[in-house]
1. Only residues in the range 27-54 that are on the phi < 0 side of the Ramachandran plot count as the first member; pair them with residues that are assigned to a loop (DSSP other than H, G, I, E, B) and loosely packed, with under 10 Cβ neighbours inside 10 Å, Cβ under 8 angstrom, at least 6 apart or cross-chain, and list the lot.
2. Tell me, which residue of the range 54-84 that is hydroxyl-bearing (Ser, Thr, Tyr) and modelled with pLDDT of 85 or more is farthest from Leu20 (Cα to Cα)?
3. Might you check whether a residue that is assigned to a loop (DSSP other than H, G, I, E, B), at pLDDT 90 or above and assigned by TED's automatic domain parsing to the domain that holds Gly123 occurs anywhere in the range 141-149?
4. Does Asp4 satisfy the criteria of being at pLDDT 90 or above and at negative phi?
5. Could you go through the range 36-54 and let me know if any residue there is more than 30 Å from Glu217 (Cβ to Cβ), acidic (Asp, Glu), over 20 Å from the mean Cα position of the chain (by Cα) and surrounded by fewer than 17 Cβ atoms within 10 Å (Cβ to Cβ).
6. Within the range 56-112, take every residue that is among the charged types (D, E, K, R) and part of a strand (DSSP E or B) and give me the one that is farthest from Leu215 (Cα to Cα).
7. Of everything in the range 21-35 that's in contact with a helix residue (DSSP H, G or I) (Cβ under 9 Å, 6 or more places away or on another chain) and closer than 19 Å to Tyr66 by Cα, which residue is modelled with the lowest pLDDT?
Amino acid sequence: MENDLSNGGIQGATVRRGRLRSLLGSQRKNDIAVCFTRSPLNGPVTMADLLDDVLLVTGVFFHDLYSFLRARALWFFSEGLDNRSWNEMEIRVYDSWGSYMDHAERFRTVLDGLEIGMILGEGWGKDYAHILLPVRVYRFRLFTFLSAEQVKGLLVGLEYSADGERLADFDLYRGKEKVSWGDLKDREKGGRGALGAASRERLFSRLRENDRKRLVELEERALSRREGR
């Protein structure tokens, strides 16, 4: 980012490094501070969440700088992955009770809440539980920097309610290869149900309160439809 701005990214802009603590209480009217954080940007960010290293930009209007950074957000994010790379996967959601949109919204809530990737496409498709027996599924194409095993761990946490009831199947494919829950290194003793409970607990511990509430609301709505049939 520093090189992009210094090498003519915005005409007339000059960039230098600084410290956040040195800016507090100072009167720098011509400087725009670009701050950094490890916290998700789709929720509240406090001063305590900001890193001390900042970039001080002068000679540019705020709107021009904001537009420049926003247009290159994905590039800057990819640059910060170090030796990690983007991975493309497919998620197939199946619910015999038909609450597909509730489960799709649950997945989006986790994706946005943890900021773990992007949806490249979604829509209806078919899967084959048995030979010549097609079932309707809702599919996501996911672009993420997480490994397939990490994504599978999150998906297993979405498959079960707080009471241990199976909500849906979230099958994960890496290319043509299906990633099994048995591939998870931290799988629990006691089978898939125990793994689902532990994965759900870990998932909920990473989410903000409003995202946890949203997931519970969607789960209750999906379960209520079963009771109404």
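The values are calculated or read from the model by the stated rules, or taken from the named source; none is laboratory data. Since we're looking at a predicted model, the values are computed, not measured. Because the Cβ atoms are built from the backbone with ideal geometry, glycine has one as well, and the counts that use them run over all protein chains shown.
1. Asp49/Arg38; Leu51/Arg38
2. The residue in question is Ser67.
3. Kept after step one, since they are assigned to a loop (DSSP other than H, G, I, E, B), are these residues of the range 141-149: 145-147.
Add one more test, that the residue is at pLDDT 90 or above, and what stays is 146-147.
Filter once more, keeping what is assigned by TED's automatic domain parsing to the domain that holds Gly123: 146-147.
Within the range 141-149, one or more residues are assigned to a loop (DSSP other than H, G, I, E, B), at pLDDT 90 or above and assigned by TED's automatic domain parsing to the domain that holds Gly123.
4. On the way: at pLDDT 90 or above: no; at negative phi: yes.
Spelling it out, it is not the case that Asp4 is at pLDDT 90 or above and at negative phi.
5. yes
6. Selected residue: Glu88.
7. Keep residues of the range 21-35 that are in contact with a helix residue (DSSP H, G or I) (Cβ under 9 Å, 6 or more places away or on another chain), which gives 24, 31-35.
In the following step, the residues that additionally are closer than 19 Å to Tyr66 by Cα were identified as 31-35.
On the way: Asp31: 86, Ile32: 90, Ala33: 90, Val34: 92, Cys35: 92.
Per the stated criteria, the residue is Asp31.
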